[in-house]
Structure formats: C-alpha cells, structure tokens
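Q: One structure is given below, represented as structure tokens, and several questions about it will come after.
The values are calculated or read from the model by the stated rules, or taken from the named source; none is laboratory data. This one's a predicted model, so the numbers in the text were calculated from it and none came from an experiment. Cβ coordinates were reconstructed from backbone atoms using ideal geometry, including for glycine residues, and neighbour counts include every protein chain displayed. Protein only, heavy atoms only, side chains kept; ligands, DNA and RNA dropped before computing areas. Shrake-Rupley method; radii C 1.70, N 1.55, O 1.52, S 1.80 Å.
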Number of protein chains: 2
Amino acid sequence: MCEANVYLLEDNGTEVLILDSVDRVIPNNDEILLENIYNERKIVKARIKEMELVNHRIILEKIDN
Amino acid sequence: MCEANVYLLEDNGTEVLILDSVDRVIPNNDEILLENIYNERKIVKARIKEMELVNHRIILEKIDN
C-alpha cells in the first residue's frame, strides 16, 4: 500500500506525526483535509512543504499569520 | 515503490499526464516542483487539487489569473 505519514513541522524544527497511513490529501485555501485508509479524517490549517512519496512522508508547515 | 503519476486537470475536464513515477513534490508559491524516481524534474504553474496515494494519483489544477 502506498499511503503516507503526514507530519507537521514545528517552529523548533521537530516533525510531529499528524496522521498515519494517509491516502487522500485535499488542500482547500489554507486548510488541508487528510483521510487515511482507516477512514480517519483530519483537517489541518497548514500547507504542504514537501512530499517524499517513496519514503511515505508528507511534511506540512504552519501558515504564517 | 510508492511513487505517483501527476496529472494536470484541463479546462475541459480531461486529465493530462505531466510526469509519471513522481517521488518528490515541493510546492513554492504558485509553482510546484516535481521530481521522479528517474531524476526527471518539472516545474508546473499549478496547485494541488487532490491526491489519492493508494491509487498513485496526484491531480493538479491551473491557477486562475
């Protein structure tokens, strides 16, 4: 299976796991809807910083206000 | 391998393959850098509309000017 783990990059540089085994990612303005293979959903106020699909990693970053 | 195929959604609703076997996706303002497992790179003026990782699909949409 080719789902990814989604992390949020904190201000101190650490990556915090937000949701694992994510299948669907739908950005919408300054929010991102995440849905994993267990049908868990999360909406995060963030944007995509980088994805490394082969490593199953999606890194989100907070939006500056 | 868990790379994805990246498509651009055209105005008429068709999806045009932009780059296959994409590993890394890095959005930057209104551009997206795509890099595949063969080290091919493309920069597309678009944004991410939706990703379905289990289906290896990333759909981009054009940015309205």
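Q: Counting only other chains, and only Cβ atoms inside 10 Å, what mean value do you get across the residues of A:25-32? Let's see the in-between values first.
A: Numbers: counts 6, 6, 6, 2, 0, 0, 0, 1.
The per-residue average across the peptide is 3.
Q: Separate question: If you rotate chain A onto chain B, whose Cβ in A ends up lying nearest the axis, and how many Å away is it?
A: A:C2, 2
Q: Now for a different question. Suppose accessible area is computed on protein heavy atoms with a 1.4 Å probe; arrange A:D30, B:D64 from highest to lowest.
A: Details: A:D30 60, B:D64 125 Å².
Of A:D30, B:D64, the descending order of accessible area is B:D64, A:D30.
Q: Taking a virtual spin label 7 Å from the Cα of B:E61 along the C-beta vector, which residues in the range B:18-48 bring their backbone nitrogen under 14 Å of it?
A: Taking a point 7 Å out along Cα→Cβ of B:E61, the residues of the range B:18-48 whose backbone N falls under 14 Å are B:46-48.
Q: What area, in nm² and to one decimal, does the C-alpha convex hull of the range A:21-65 cast on average over all directions? Let's see the in-between values first.
A: Numbers: hull surface 12.4 nm².
Reported value for the Cα convex hull: 3.1 nm².
Q: Solvent-accessible area per residue for chain B at a 1.4 Å probe radius, Å²? Don't skip to the answer; put the middle values down first.
A: Values: 3720 Å² over 65 residues.
Per residue, chain B has an accessible area of 57 Å².
Q: Here's something else I'd like to know. Based on the Kirkwood radius over alpha-carbon pairs, what is the Stokes-Einstein translational diffusion coefficient of the protein assembly as shown at 37 °C with 0.692 mPa s viscosity, in µm²/s? Please report the intermediate quantities before stating the final value.
A: Numbers: Rh = 14.7 Å.
Reported coefficient: 224 µm²/s.
Q: Still on this structure, I have one more. Among the GluC sites (Glu not before Pro) within the range A:7-65, which fall in a DSSP loop and have no more than 16 other Cβ atoms within 10 Å of their own Cβ? Mind showing how you got there, number by number?
A: Values: sites: A:E10, A:E15, A:E31, A:E35, A:E40, A:E50, A:E52, A:E61; in loops: A:E10, A:E40.
Those that pass, being in a loop and sparsely packed, are A:E10, A:E40.
Q: Given label points at 7 Å from Cα along Cα→Cβ, what nm distances, shortest first, separate A:I26 from the same residue in every other copy?
A: Inter-copy label distances (nm, one decimal, shortest first): 2.9.
Q: Past 18 Å, Cα to Cα, is the threshold; run A:K45/B:K62; A:K45/B:K45; A:K62/B:K45; A:K49/B:K49; A:K42/B:K62 against it and keep the listed order. Numbers along the way, then the final one.
A: Details: A:K45/B:K62 22 Å; A:K45/B:K45 23 Å; A:K62/B:K45 22 Å; A:K49/B:K49 15 Å; A:K42/B:K62 26 Å.
With Cα atoms farther than 18 Å apart: A:K45/B:K62; A:K45/B:K45; A:K62/B:K45; A:K42/B:K62.
Q: Let me have the relative contact order for chain B, percent, based on Cα pairs under 8 Å that are six or more residues apart. Before the final figure, lay out the partial values.
A: Working: 139 pairs, mean separation 21.0, N = 65.
Normalised by residue count, the contact order of chain B is 32 percent.
Q: So, one more: Considering only the label points, 7 Å along Cα→Cβ from Cα, what distances in nm to one decimal separate B:D11 from the same position in each other copy, shortest first?
A: 4.5
Q: In chain B, what percent of the accessible surface is made up of carbon and sulfur (1.4 Å probe, ligands and nucleic acids excluded)? Each step should come with its number before you reach the end.
A: Details: 1540 of 3720 Å².
The computed percentage sits at 41.
Q: Sum up the charges of everything whose Cβ sits under 9 Å from the Cβ of B:E3, counting Lys and Arg as +1 and Asp and Glu as -1, but leave B:E3 out. Kindly include the intermediate steps, with their values, before the conclusion.
A: Details: positive: none; negative: B:D20, B:D23.
Counting the neighbours of B:E3, the net charge comes to -2.
Q: Please list, by residue number, every one of the trypsin sites (Lys or Arg not before Pro) in chain B that is coil in DSSP and has at most 14 other beta-carbon atoms within 10 Å. Don't skip to the answer; put the middle values down first.
A: Values: sites: B:R24, B:R41, B:K42, B:K45, B:R47, B:K49, B:R57, B:K62; in loops: B:K45.
The qualifying sites are B:K45.
Q: A further question on this structure: From the label point of B:N39, set 7 Å along Cα to the beta carbon, how far off in nm is each other copy's matching point, shortest first?
A: In ascending order, 4.5 nm.
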